[in-house]
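To keep things clear, I will list the structure first and then write my remarks on it.
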Amino acid sequence: MSSAHRQTALSVNLNKVALLRNARPLGIPSVTRAAALCLQAGASGITVHPRPDARHIRDQDLIELADLLQQWPDREFNVEGNPLHNLLDCARSLRARALPLHQLTFVPDSQDQSTSDHGWSFPADAPRLRECIAQAHAMGVRVSLFMDADPDAMPAVRECGADRVELYTEPYAQAWGSAAQAAQLQRFAATARAAQQLGLGVNAGHDLNLHNLRDFVQAVPDVLEVSIGHALIGDALELGYAHTVGAYLDCLRA
């Protein structure tokens, strides 16, 4: 569908809210309250990235957030993580409770990694991913693969059975405002077109913010969803959830 007819969806990643909550045994700030405020402000969905050590999002958060999203049937729940660690178990737990889960984003992070910093590698990762994707599809869940901006890798992603790619945007964020910005945008746009020509949907995320988001979605065609956490939650500390989500949506409407 043309970007002229479909606005890019905003999924808010709540990991940083959970990280702050976990600093004290008081349940403050509330992850579910943050989700509700973001949804009320117009966010299209909620993203979380539970890790095996539960250093931010916990198993109970997944259940409570999925339960909350039952009140918002037009919004989506995206759970991301490494399918070779705990991600598929998280998905099974939600499915066993008949709770909503719309998308699993497979990310190749290690268990002790502070944040994602690269996409999957083909053909090396293909055999393991193919089986994990099949398991997710058997649960009725869409699969997006976290990928570097590389047009040549898109046929292998499609062959694995993935439904979408999430383009790892930190290289663009680092280049934003510099002489390298245009070249980075051209690379991301070429990757998006290559994916779309094969029938893959395109998501994007990592270090997108109020400064660089508008340029990205204007240059990269038909981005279905951006997942934004660190910058958005940082902005919300100053501006509040409602104003912050509104500001990000303004970038996506432009």
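The values are calculated or read from the model by the stated rules, or taken from the named source; none is laboratory data. Because the structure is predicted, anything quoted here is derived from the model rather than measured. Neighbour counts are summed over all protein chains in view; Cβ atoms, including those assigned to glycine, are modelled from backbone coordinates with ideal geometry.
The set of residues in region 65-75 that are surrounded by fewer than 16 Cβ atoms within 10 Å (Cβ to Cβ) and in contact with a helix residue (DSSP H, G or I) (Cβ under 9 Å, 6 or more places away or on another chain) comprises D67, Q71. Would you call T115 more than 22 Å from A247 (Cβ to Cβ), among the β-branched types (V, I, T) and at pLDDT below 95? Yes. Within region 192-213, residues that are more than 18 Å from G119 (Cα to Cα) reach partners that are at pLDDT 95 or above with beta carbons closer than 6 Å, at six or more positions or on different chains, in the pairs L198/M154; L198/R158; N209/A231; L210/A247; N212/A173; N212/W176; L213/C251.
Among the residues of region 197-250, those identified as more than 21 Å from L37 (Cα to Cα) and over 18 Å from the mean Cα position of the chain (by Cα) are Q197, L198, G199, H211, D215, Q218, A219. Mind checking which residues of region 123-178 are over 18 Å from the mean Cα position of the chain (by Cα) and among the aromatic types (F, W, Y)? W176 - this is the single residue of region 123-178 that is over 18 Å from the mean Cα position of the chain (by Cα) and among the aromatic types (F, W, Y). Could you tell me whether region 76-84 includes any residue that is on the phi > 0 side of the Ramachandran plot, of a type in the set (G, A, S) and buried (at least 16 other Cβ atoms within 10 Å of the Cβ)? Yes, the conditions are met somewhere in region 76-84. Evaluated against (1) without any contact (Cβ under 8 Å) to a residue 12 or more places away in the chain; (2) of a type outside the set (D, E); (3) under 17 Å from H230 (Cβ atoms), A96 falls short on exactly one condition, (3). A4 meets all of the listed conditions (1) within 19 Å of V226 (Cβ to Cβ); (2) at pLDDT 95 or above; (3) of a type in the set (G, A, S) but one, namely (2). Residues considered: A173, A136, A153. Of these, the only one that is touching a Pro at 6+ places or on another chain (Cβ under 8 Å) and either modelled with pLDDT under 95 or crowded, with 18+ Cβ neighbours inside 10 Å (or both) is A136.
Please work out which residue is farthest from F146 (Cα to Cα), limiting yourself to region 163-185 and to residues that are touching a residue at least 12 places away in the same chain (Cβ under 8 Å) and in a helix (DSSP H, G or I). Applying the filter and picking the extreme gives Q181. Counted as qualifying within region 190-254 are the helices (runs of 4 or more DSSP H) with 2 or more residues that are out of contact with any helix residue (DSSP H, G or I) (no Cβ under 9 Å at 6 or more places or on another chain) and over 18 Å from W176 (Cβ atoms), namely 241-253.
Among the conditions (1) touching a strand residue (DSSP E or B) at 6+ places or on another chain (Cβ under 7 Å); (2) surrounded by fewer than 18 Cβ atoms within 10 Å (Cβ to Cβ), the only one that L145 does not satisfy is (2). Examine region 24-35 for a residue that is assigned to a helix (DSSP H, G or I), within 16 Å of the chain's Cα centre (by Cα) and within 26 Å of V223 (Cβ to Cβ), and state whether such a residue exists. The answer is yes, given that some residue of region 24-35 is assigned to a helix (DSSP H, G or I), within 16 Å of the chain's Cα centre (by Cα) and within 26 Å of V223 (Cβ to Cβ).
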